[in-house]
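See structure below.
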Ligand code: 26V
């Protein structure tokens, strides 16, 4: 004793406390009497950041010294969620810090609430990228996440008169303690203009891109700490700025306003995240964003390679690049351009390196979400890349001709350019041709890719196709968000399950133990009470924690069928109205999720949920048996409150439409039972937990295809099903809209006349299945048994498993152990 720990690395409670108070004084410039909750949050964040920096610097030093093979995860979205709590968990000091903070008369939970979450993603795809970074660091895999530092992330959702209203997400307004700007590693990105073909001094034929605009990319780095390891990897996000010298001094001297305008235009590139997750609208700014971050990242990787004195020919040995959907697929053409035009490599060498570098993950089967860019727009922004893509296409179609002679329709189906009408560049085709591996995100999804969306590419390159079922990190979605359950589990099976989720299986031995069941139930009950308090505070609605918490939380989209859940609610309500004494297992229906701002039907469904809630929640006939709640602004923070409190997880997409789903995994990990279709990862979840522990309903993907092919007529279901008719008629009648029969007409009509997503076909099966849910819940021992088994059998759905599969089967990369020398 007597030894004073270093104030910036020491982990003992007294050192942490000293660091916290130091930061309050020297960073925030406050003392306790004047400090706001945000000052306290900042003081703690900087104390934790110091601990991360030590690990981060050691990690970087070791990777550099060893020249380690590195994964580069390219993603237009990283939906990270708040950092502070997660870093406390991964540093394994959550409890100590909570205690120390309490000793100073403060509450850690309140400080954590202060953090504005970086919402730099729309939903599943962006959150998956965040889970993968957590697992890469935990598994000690050298890796970089590359993306865009949007100044405004996904909009904040307000509800006004039942309608969604979008508010700008100003997540940076109080500063961001988790990032460090690295202006010394800025890169230049060219845009627009034309190409010049010329002969150089050595008589070689060359091509030069003469752009009409240039922007600077500034990297901002955030450390990504692994769980109980010294590894701290990097998330590197790019901000666009106007360059000092382009057009400004040279062309605009004297034109101050013109120069400032150029600056504004440049900085627009990283201004805002596109909030659509359903359709590619062909907006030039979106393509500019994609090219901007991809070009910055590839140039950065070349800088790293050269810095380690490795030749460009080893690019693919140093880096494995994963393309998170087609958003970064322009990387295929950009790497070719950099290698050929900038570094004078031959086409064939460059192509071999490119194909060996990239792998592509597909995340959607929806045809409207497949990205394609009008050729003219593409060429006006990226003239050189368009040339490269044409050349690639010529060579690729020659290959197709050799493998499948005399098959013109195949050539036009597979071409990188869609020439059936207006001409488009097909980004998924570019990604397939430029990658050595192509994967779907759940077993069923990969099968459907092979049979349908990418059928021709599967025939051409069967060896490229693989499945990598998604996973989620148990650190954020169990240890951090459900501390009571974590403690109970750990008291029975030790804590190694946190990094080896398969060990949860040991809980099966306790599934019928009455005392364990009782503890399990009490924890769920307490979590439900916490969510009930949140609901009362934010919605002013009192809900019964003894009722089934039946939750649907995800982006709003017709294929996800929030509307089907609503038809069930209206059906139960109609039964009560017809027979006020009917026995119904009490339920609280909870919805959360955002709709794309331009998605009319999705927004109308939100309005309908709120309208139904208004009527049901105050109808005395219901006598508290049903409550309907719409929680506004569903984001990572709110999700962490929701999963631990769920009894029933709604995973009810039309079979064949949801690529995987990941919320389904987070709910089940926290002991919710699933009601779901055979879609995405639901199929594998049901396989793992056992059919008897899963509420299955609805048509299979195959049956949906067959029905569509043979001519589906939703009106037949309406005419032959009295309860369904009553539910739809009630909505149409104006009952939920103060007599207005026009308001919800588009919703009712879309079901009766099109029903693209087969709600009416699945209605009765869903209602019957929900009846079984209600009955099962009445037998609490049986329900608890099922709940325990669901959690115990989630081992497969850890993102650690997914990442291990990617490492072994696609990336061929090994862990590197980090020791703390400094
Ligand atoms: C798509 C698009 C389409 C073009 C315009 C902009 C834009 C922005 C984002 C997206 C993302 C849609 C893809 C997506 O989020 N897919 C989801 O990926 C999850 C992770 O693999 C998966 O669990 C979900 O089932 C799938 O819908």
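The lone criterion from (1) buried (at least 20 other Cβ atoms within 10 Å of the Cβ); (2) in contact with a strand residue (DSSP E or B) (Cβ under 6 Å, 6 or more places away or on another chain); (3) under 24 Å from residue 733 (Cα atoms) left unmet by residue 608 is number (2). Any chance region 130-137 includes a residue that's at pLDDT below 95 and either out of contact with any strand residue (DSSP E or B) (no Cβ under 9 Å at 6 or more places or on another chain) or more than 16 Å from the ligand (Cβ to nearest atom) (or both)? No: zero hits.
Among residues of region 679-697 being part of a loop (DSSP other than H, G, I, E, B) and away from the ligand (no atom under 14 Å from the Cβ), the one that is surrounded by the fewest Cβ atoms within 10 Å (Cβ to Cβ) is 690.
With respect to residue 410, determine if the residue is under 27 Å from residue 657 (Cα atoms) and within 16 Å of the ligand (Cβ to nearest atom). For residue 410, the condition - under 27 Å from residue 657 (Cα atoms) and within 16 Å of the ligand (Cβ to nearest atom) - is not met. Annotation for region 396-405: no member residue is within 26 Å of the chain's Cα centre (by Cα), away from the ligand (no atom under 16 Å from the Cβ) and closer than 28 Å to residue 341 by Cβ. Taking the stated definitions as given, is residue 60 more than 16 Å from the ligand (Cβ to nearest atom), over 25 Å from the mean Cα position of the chain (by Cα) and modelled with pLDDT of 95 or more? Spelling it out, residue 60 is indeed more than 16 Å from the ligand (Cβ to nearest atom), over 25 Å from the mean Cα position of the chain (by Cα) and modelled with pLDDT of 95 or more.
Of all the residues in region 574-603, those that are surrounded by fewer than 22 Cβ atoms within 10 Å (Cβ to Cβ) and part of a helix (DSSP H, G or I) number 8. At pLDDT below 95, in a helix (DSSP H, G or I) and away from the ligand (no atom under 16 Å from the Cβ): is that true of residue 266 in this structure? Yes: the conditions hold for residue 266. Can you confirm whether residue 701 is out of contact with any strand residue (DSSP E or B) (no Cβ under 6 Å at 6 or more places or on another chain) and surrounded by fewer than 19 Cβ atoms within 10 Å (Cβ to Cβ)? In short, no. One residue is enough: does region 188-196 have a residue meeting the conditions at pLDDT 90 or above, closer than 30 Å to residue 57 by Cβ and in a strand (DSSP E or B)? Checked against the condition, which is being at pLDDT 90 or above, closer than 30 Å to residue 57 by Cβ and in a strand (DSSP E or B), region 188-196 yields at least one hit. A count restricted to region 656-676 and to residues that are touching a residue at least 40 places away in the same chain (Cβ under 8 Å) and either assigned to a loop (DSSP other than H, G, I, E, B) or within 12 Å of the ligand (Cβ to nearest atom) (or both) stands at 13.
The values are calculated or read from the model by the stated rules, or taken from the named source; none is laboratory data. Remember, predicted model here, so these are calculated numbers, not experimental data. With ideal geometry, Cβ positions are generated from the backbone for all residues, glycine too; neighbour counts draw on all protein chains shown.
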